[in-house]
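Okay, structure first, notes after.
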Amino acid sequence: GTYRTDLPVNAHNCKPGTAPDGVVVLGADGRLRFPAFDACLTAFGVNRGALPGSAVLLRLCGASEPFLPTAELQRWHLDGDGRMMLEGSALCLAVGSQSARTFGARDRWRALFLADCATVPAPRARWELAPAG
């Protein structure tokens, strides 16, 4: 398939088998790596901080870009409640409340963004790391 790593990342229902865009590895350094793209999940933020509602992007792991300090915006940890937290913040990775069809009859997508973990509904911000395949 064709993938657009220049656009914000979104959430998608599970596909049969293991799709390249579905393999994500949480490294010991706190980076969420997408091996198929040689990139890491990066919160959009300004001046080292993100806001609730901020999008997430794929950027080179550890790359220094103007206006996007990846050292601060690529560090995540999975907390005891299954929330993927942006390190040093009260923000976690969440999906939107609505879904829509993509290109196949059974395929759905949702917005993926940062939310205030204290107020986002738990089912929309709970993640589980599982072996690929």
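The values are calculated or read from the model by the stated rules, or taken from the named source; none is laboratory data. Not measured: the values here are computed from a predicted model. Virtual Cβ from ideal backbone geometry, glycine too; neighbours counted across all protein chains shown. Side chains are part of the model used for accessible areas, which takes the heavy atoms of the whole protein and leaves out ligands, DNA and RNA. Shrake-Rupley method; radii C 1.70, N 1.55, O 1.52, S 1.80 Å.
Checking Cys61 against (1) touching a Cys at 6+ places or on another chain (Cβ under 6 Å); (2) closer than 16 Å to Gly88 by Cβ: exactly one of these is not met. Which one?
Going through (1) touching a Cys at 6+ places or on another chain (Cβ under 6 Å); (2) closer than 16 Å to Gly88 by Cβ one by one, Cys61 breaks only (2).
In region 97-112, how many are within 24 Å of Leu32 (Cα to Cα), among the hydrophobic types (A, V, I, L, M, F, W, C) and open to solvent by 50 Å² or more (accessible area, probe 1.4 Å)?
Total satisfying the criteria: 1.
Does Arg126 count as among the charged types (D, E, K, R), open to solvent by 60 Å² or more (accessible area, probe 1.4 Å), touching a Gly at 6+ places or on another chain (Cβ under 7 Å) and in a strand (DSSP E or B)? Spell out the reasoning first.
Working: among the charged types (D, E, K, R): yes; open to solvent by 60 Å² or more (accessible area, probe 1.4 Å): yes; touching a Gly at 6+ places or on another chain (Cβ under 7 Å): yes; in a strand (DSSP E or B): no.
No; evaluated as a whole, the condition is false for this residue.
Given (1) closer than 21 Å to Arg4 by Cβ; (2) touching a residue at least 60 places away in the same chain (Cβ under 8 Å); (3) not in a loop (DSSP other than H, G, I, E, B), where does Ala115 come up short, assuming only one miss?
(1)
Give the number of residues within region 35-70 that are open to solvent by 20 Å² or more (accessible area, probe 1.4 Å) and polar (S, T, N, Q).
Here the count works out to 2.
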